[in-house]
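Data block below; observations after.
Since every read-out is calculated from the coordinates, none of them should be taken as a lab result. Please read these numbers as outputs of a predicted model, since none were measured by experiment. Cβ atoms come from the backbone with ideal geometry, glycine included; neighbour counts cover every protein chain shown.
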Amino acid sequence: MAVAYSPLRSFSELPARTRNFVVLGLMLGLLLGALDQTIVGTAMPRIIADLGGLDRYSWVVTAYLITSTISVPIVGKLGDQFGRKWFYVVGIFIFLFGSALSGASGEVSSLPLIGDGMNQLVLFRGLQGIGAGIMQANSFAIVGDLFPPARRGQVQGLFGAVFGIASVIGPTLGGYITDNLNWRWVFYINLPVGAIALAVLISTMPVIRAHHGDQRIDYLGAATITAALVPLLLGFTWAGGQYSWTSAQVLVAFGLAAIMAVTFCIVESKAAAPILPLDLFKDRTFTVSSLAVFATGFGMFGTILYIPLFIQGVIGSTPMESGQVLTPMMIGVIIASVLGGQIIQRTGRYRILGILGPLVMTFGLFLLSRQDVNTTNAETIRNMIFIGLGLGITFPVFTIAVQNAAPLNRLGVVTSGVQFFRSIGGTVGTAIMGSFLNSQLSAQLKMNVPVQIQQAMAKSSLGSQSINAQALVSPQAKDAIQAAFDKLPGGAQLFALFDHALRVSLANAIAHVFGIGLFIVLASTLVAIFLPELPLRRSNSVQPSAQIQSVTSSHRTAGVLGIAFAIISREAQRPDADPTLLCRLSALANGELPREWSEEERGRAVAAEIVEPLAVSLLATYASGGDQPGTSPDAVEPSVEPAMAL
């Protein structure tokens, strides 16, 4: 049964005051999610120092990414069915509730079934991710509901500016709050901003119903993809840290993930409205773009997550200073993204940028992988700028590519699909890099802490458990260890050696992490070489769903046939034309030419009056690309079919 609704498709139907308030509410909602992704990373070393749990460092981000990624396609479909306003409002409320709980993590030392403060933070960050996914799924869809295509780009550019501003001020704001207030306010700051967004949206945003009939939701697909992702990421998080790579726990997790991934594919192949239609992968543009954004997401999230740890733990800077180092990277992202979009718009070329962006990012990761205990803030800033430029170049490329290759009735599907793989890349990358960091750090500490220091610590009140990198990010832990060393003979010298060994170990471990990112993003560069470069569509006219790339192939066919028929016409009109050719052409006259004419005369007439004009028409179609006035891409096929008949 169709959904009852009163459609509202344009802001022109709203008073200007209401229109401005709706835009403000959406921007505030986007600001919440964008700030949270950048502000928390800067505060994480201090959070670890307070709550402990360095082995679960990556899961604070991973939990958020898992839940937000899974929420996007599910809630996007529900918004199509029932309208988006109240889903968006509920998403903000869930996000704020998760923020309040995250800020209170560890206030109660241990909760039943949850555990210590770090476990609490991981769980509540997952709740935040659900709210963020709901907001992300609906924000750009609301723009599509309310704005005509001519204005939609302007509003999305405004939203892009919100992400850019959040990326620039987020790290510095996170460092300032951590240094001058408390890390808990990194989460509590969301509450007043979210309250304003809720008030604005509830009071001004119209209820926009779906423009189509009732749609079935792929609940089984949502369940199976969740069941595949969770054990996969658990396995990557456990491996090399809490458990070995060959342990039963890790192997069972990977095995269950593989089984559920196969189940998901089977379910999606039979679903009426699948979350991720498998036939998308028949299109090379979508497949290449998905692989490329997966790899760049892998490198991006891993870089942003571990740069603050390097700056604070190895260089010894404050959280605010580490945020300032991230800011130039984000400025590079904004500048390169804007320039990349302009280049694509002016030239119509995107493939070269799809190769250049990951290549620049690979160079930046190469520089990061060579950082050591002697690296300065200035060198780190230089390296991060290369990362930002590479990321910015790639941002518009692959979305534009898949949207251009797909028919308009699948535009939302392919766009959300690419966003999904970018998020999955970030989630898997964070988990793998966190797992590798844990294993490498343990090995580096055993290698770099001198034996005499290990023996001295074992005999003192410190104990061997103090040999970890916690002292590099926790001033309290560092002071306690230094005080214990002062009681030992030559304690000051021993502590200096110990501190240096910790820094060397952490620097080497993080450098190995960046090395993984380097090879993954380099693979993205190689994959992007196979990205097809289709002519950018200049019209938003609706095309049949089967015609993903048929316009381009039809133009090529028209060109080939045009050349072939031009040659046939020329050969048939030569004085010494082949009699067999003229005989076959005369058969196409179908009795419309005088019967008293000879086969040679009828053949020459067909060549001049039918074949030659057809060749001219086909070549004109090919030369124009289907963009002649009054000609649509769909008009190409009728011209080709008579040619194929001939």
Environment charge of Ile343, counting only residues whose C-beta is closer than 13 Å and scoring Lys/Arg +1, Asp/Glu -1: +3
Distance in nm between pseudo-label sites at Lys282 and Thr318 (7 Å out along the Cβ direction from Cα): 6.0 nm
Euclidean distance of C-alpha centroids, the stretch 240-289 and the stretch 93-107, integer Å: 31 Å
Contour minus Cα-Cα distance for Gln482 and Ala443 (0.36 nm per residue): 11.7 nm
Neighbourhood net charge (15 Å Cβ-Cβ; Lys/Arg +1, Asp/Glu -1) for Pro575: -2
Prolate/oblate/rounded label for the stretch 254-405 (Cα gyration tensor, a/c 1.5): oblate
The stretch 316-396 shape via C-alpha gyration tensor axes, a/c threshold 1.5: oblate
Counted charge near Leu65, where neighbours are those whose Cβ lies closer than 15 Å (Asp, Glu -1; Lys, Arg +1): +2
Among 607-617, 500-510, the order from most to least packed when residues are scored by Cβ within 10 Å on average: 500-510, 607-617
